[in-house]
């Protein structure tokens, strides 16, 4: 009544996607809303909002998003603009590019970590080689 947005506009801006346990998706996923993976994704995931990988969730590919909570398994690179939270049962094999990082003591992480502001820049091998040779 007092809200200028219609119900459909409000729902569209707060959408969530769930890939349930027992579901396997092969291919890339792009989402404008929040997304939770409790099944298996064999492909890259790109979200403009929050990414959640549940305790039974598994991703074999790269993940990009605004925020991410990882409780399951990820094999691939993760790029998060703000907070990446690795919960106790999580296993991550891949590099991290995040604004902020929180890791519980029982989480497993194998890879490189790059932290910084909203503009996270990945160095390529040639720029690293040039820096070493100078």
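The values are calculated or read from the model by the stated rules, or taken from the named source; none is laboratory data. Predicted, not measured: the structure shown is a model, and the values here were computed from it. Methodologically, a virtual Cβ is constructed for each residue, glycine included, from the backbone with ideal geometry; neighbour enumeration extends over all protein chains shown.
Scanning the range 38-53 for residues that are outside any strand (DSSP E or B), buried (at least 18 other Cβ atoms within 10 Å of the Cβ) and within 12 Å of the chain's Cα centre (by Cα) yields nothing. Within the range 119-126, is even one residue modelled with pLDDT of 95 or more and either surrounded by fewer than 18 Cβ atoms within 10 Å (Cβ to Cβ) or farther than 20 Å from residue 38 by Cβ (or both)? No: zero hits. When residue 56 is tested against the conditions (1) surrounded by 16 or more Cβ atoms within 10 Å (Cβ to Cβ); (2) in a strand (DSSP E or B), the lone failure is (2).
Conditions (1) under 13 Å from residue 78 (Cβ atoms); (2) in contact with a helix residue (DSSP H, G or I) (Cβ under 6 Å, 6 or more places away or on another chain); (3) modelled with pLDDT of 95 or more, marked per residue:
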site: 20; (1), (2), (3): no, no, no
site: 33; (1), (2), (3): no, no, no
site: 53; (1), (2), (3): yes, no, yes
site: 57; (1), (2), (3): no, no, yes
